[in-house]
Amino acid sequence: MAEPGDPFGNDRAPHAMRLDAGRPKTVVIDTLPTPSRLYACALSGIVKRGRDTQLPALRLVRPAVPLEAGPAWRYARVCGFIPEHGVPLTYPHLLAFPLHLLMLTDPAFPWPALGLVHLANHVRLRRPLAYKDLLRVEVEFGALLRHDKGQAFVLHTRIYRRGEAVWDGDSVYLKRGVPASGNALEPLDLGPLALQRTARWQLASQLGRDYANVSGDYNPIHLSALSAKIFGFPRAIAHGMWTLARAASALQPPKPLAEATLSAEFKLPMLLPGEVSLWSAAPSLIERDIEVRDIAGEKPHLRGRMQWRLQ
């Protein structure tokens with residue numbers, strides 16, 4: 001997270017996110033598999049035994065991805081963004097998501113993709129984005145991080161326009177129950193201000209399916225009570241990236257962003273259907289501390305921070 005008073009001048013990402021040394025093999029992906037094929041690969045690799053905790057030295061690249069208005073608008077409606085926001089801050093994550101699945105289902109990746117826990121996410125908008133931009137999307141593994149419940153690791157996303165970095169994303173995942181190495185995963189450090197409740201959200205039973213349809217994230221834990229129960233949940237749960245996007249859309253002023261950072265930790269799952277509350281505090285005019293809690297305001301589902309500069 002950037003230092004107070006300088007939200008965008010510091011390149012440090014939270015949670016000790018660092019790219020490991022070495023030169024990864026670069027593979028250009030010209031044609032993406034369908035979501036059904038990607039999840040078929042995830043299901044087929046649900047059991048992996050005897051693998052060392054070593055992440056593949058691999059970089060996947062989509063060299064020319066158009067930023068299309070239609071899919072982004074459909075995403076915006078599901079996540080609460082309005083046209084005045086311009087390109088939603090979290091939308092570029094979706095351009096990289098198929099590459100994330102390819103990385104996590106690569107034969108050299110040591111664990112099954114299904115069952116990984118999404119712990120945290122950090123995004124940074126470096127330059128304003130516009131519809132019809134042609135973008136280069138790159139994804140590679142970052143550092144291994146120790147967690148008290150297993151091995152955490154980072155998955156980096158970098159997006160370029162005409163050679164200039166315009167958007168970054170760092171996703172932290174956890175594999176439970178395996179020996180851990182690396183530096184300790186550092187918690188997000190929020191300020192001392194007391195948060196106030198600013199909104200209540202009703203979460204419909206079909207929210208997971210709605211978000212899956214616009215994001216391509218068809219993880220079974222989000223789709224129905226039946227498929228979620230296979231993985232130990234009593235009902236379907238909301239996507240963490242939907243929760244992050246919904247919080248960002250609620251806090252962003254009704255103008256496009258010139259620069260922004262958004263960092264969050266995912267806490268307790270949000271069951272569908274359900275009702276939750278948004279809490280926030282304002283350390284400055286361009287900064288918000290965030291929590292999404294249960295309706296009673298007692299249990300956290302997400303905690304984070306958003307900083308921005310408007311166009």
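The values are calculated or read from the model by the stated rules, or taken from the named source; none is laboratory data. In this text the structure is predicted, and so the values were computed from the model without any measurement. For neighbour counting, all protein chains shown are included, and Cβ atoms are generated from backbone atoms with ideal geometry for every residue, glycine included.
Within segment 162-182, can one find any residue that is farther than 26 Å from residue 23 by Cβ and of a type in the set (Asp, Glu)? Scanning segment 162-182 turns up no residue that is farther than 26 Å from residue 23 by Cβ and of a type in the set (Asp, Glu).
In segment 214-264, the qualifying residues are those that are of a type in the set (S, T, N, Q) and in contact (Cβ under 8 Å) with a residue 24 or more places away in the chain, and the one that is farthest from residue 89 (Cα to Cα) is 219.
So in segment 97-128, with the set limited to residues that are over 23 Å from residue 290 (Cβ atoms) and of a type in the set (D, E, K, R), which one is surrounded by the most Cβ atoms within 10 Å (Cβ to Cβ)? Looking at the filtered set, the residue picked out is 106. If you take the residues of segment 254-283 that are of a type outside the set (A, V, I, L, M, F, W, C) and touching a His at 6+ places or on another chain (Cβ under 8 Å), which of them is farthest from residue 196 (Cα to Cα)? So the residue we want is 256.
Scanning for something outside any strand (DSSP E or B), closer than 22 Å to residue 77 by Cα and within 19 Å of the chain's Cα centre (by Cα), does segment 270-292 turn up at least one residue? For segment 270-292, residues outside any strand (DSSP E or B), closer than 22 Å to residue 77 by Cα and within 19 Å of the chain's Cα centre (by Cα): present. Look at residue 157 and say whether it is over 16 Å from residue 92 (Cβ atoms) and touching a residue at least 12 places away in the same chain (Cβ under 8 Å). Considered against the rule, which asks whether it is over 16 Å from residue 92 (Cβ atoms) and touching a residue at least 12 places away in the same chain (Cβ under 8 Å), residue 157 comes out as no. Go through segment 280-311 and give me each residue that's surrounded by fewer than 20 Cβ atoms within 10 Å (Cβ to Cβ) and hydrophobic (A, V, I, L, M, F, W, C). 281, 282, 285, 286, 295, 296, 310, listed by residue number. Check whether at least one residue in segment 32-54 is modelled with pLDDT of 95 or more, assigned to a helix (DSSP H, G or I) and either over 25 Å from residue 233 (Cβ atoms) or in contact with a Ser or Thr (Cβ under 7 Å, 6 or more places away or on another chain) (or both), and report yes or no. No; the residues of segment 32-54 include none that is modelled with pLDDT of 95 or more, assigned to a helix (DSSP H, G or I) and either over 25 Å from residue 233 (Cβ atoms) or in contact with a Ser or Thr (Cβ under 7 Å, 6 or more places away or on another chain) (or both).
Scan segment 277-311 for residues that are among the β-branched types (Val, Ile, Thr) and out of contact with any helix residue (DSSP H, G or I) (no Cβ under 8 Å at 6 or more places or on another chain) and report the count.
Selection size over segment 277-311: 2.
On the given criteria, is residue 84 among the charged types (D, E, K, R), buried (at least 23 other Cβ atoms within 10 Å of the Cβ) and not in a loop (DSSP other than H, G, I, E, B)? It is false that residue 84 is among the charged types (D, E, K, R), buried (at least 23 other Cβ atoms within 10 Å of the Cβ) and not in a loop (DSSP other than H, G, I, E, B). Within segment 134-189, if we keep just the residues that are touching a helix residue (DSSP H, G or I) at 6+ places or on another chain (Cβ under 9 Å) and β-branched (Val, Ile, Thr), the residue that is farthest from residue 53 (Cα to Cα) turns out to be 166.
Take residue 291 and tell me if it is more than 20 Å from residue 80 (Cβ to Cβ) and touching a residue at least 12 places away in the same chain (Cβ under 8 Å).
No; evaluated as a whole, the condition is false for this residue.
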